[in-house]
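One structure is given below, encoded as structure tokens.
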């Protein structure tokens with residue numbers, strides 16, 4: 001669903017160690033209904049060493065890109081470029097609270113996107129039939 005809608009979620013992590021990534025990603029993805037957490041495509045970073053536990057915790061299928069192949073994660077690379085407007089390369093992410101990360105994600109998610117017919121990622125995400133069935137309240141799903 002996030003690939004279809006371009007919806008962005010940002011998670012504050014204690015570190016880039018595999019255990020912290022597992023904890024943060026589990027919390028973030030488990031906040032979504034099962035039908036919205038299908039797959040995750042990741043690069044070859046060692047922070048995903050506990051990917052089997054993440055799959056068990058969330059019910060997601062996790063795919064890995066080939067090494068040195070960022071084009072296999074085009075949406076992620078594009079989103080990283082958009083995030084650079086808020087977080088320039090080399091920024092210490094540890095100084096940002098989850099609330100501040102949520103505000104950045106909210107700005108991205110409410111920005112009209114050409115690829116979505118000038119709708120925002122949030123509009124597409126919440127208009128989806130799965131969201132209507134799930135009965136999510138947008139501010140809860142966004143952590144606001």
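Structure data summary
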read-out: Two-decimal Rg/Rh across segment 14-83, once Rg and the Kirkwood Rh are taken from alpha-carbon atoms; value: 0.96
read-out: Values of log10 I(q)/I(0), in the order q = 0.11, 0.16, 0.18 Å⁻¹, for the chain under a Debye, Cα-only, solvent-free model; value: -0.42, -0.96, -1.27
read-out: The chain, relative contact order [Cα under 8 Å, separation at least 6], %; value: 28
read-out: Chain lengthening between residue 39 and residue 89 when straightened (0.36 nm per residue, less Cα-Cα); value: 15.3 nm
read-out: Peptides ranked, highest mean first, by Cβ atoms within 10 Å: ranges 21-29, 89-97; value: 21-29, 89-97
read-out: Spin-label pair residue 77/residue 118, simplified geometry with 7 Å Cα→Cβ offset, distance in nm; value: 2.9
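No value in this document is a laboratory result; all are computed from the given coordinates. Given the structure is predicted, the values throughout are model-derived calculations rather than measurements. Neighbour counts run over all protein chains shown; Cβ positions are idealised from the backbone, glycine included.
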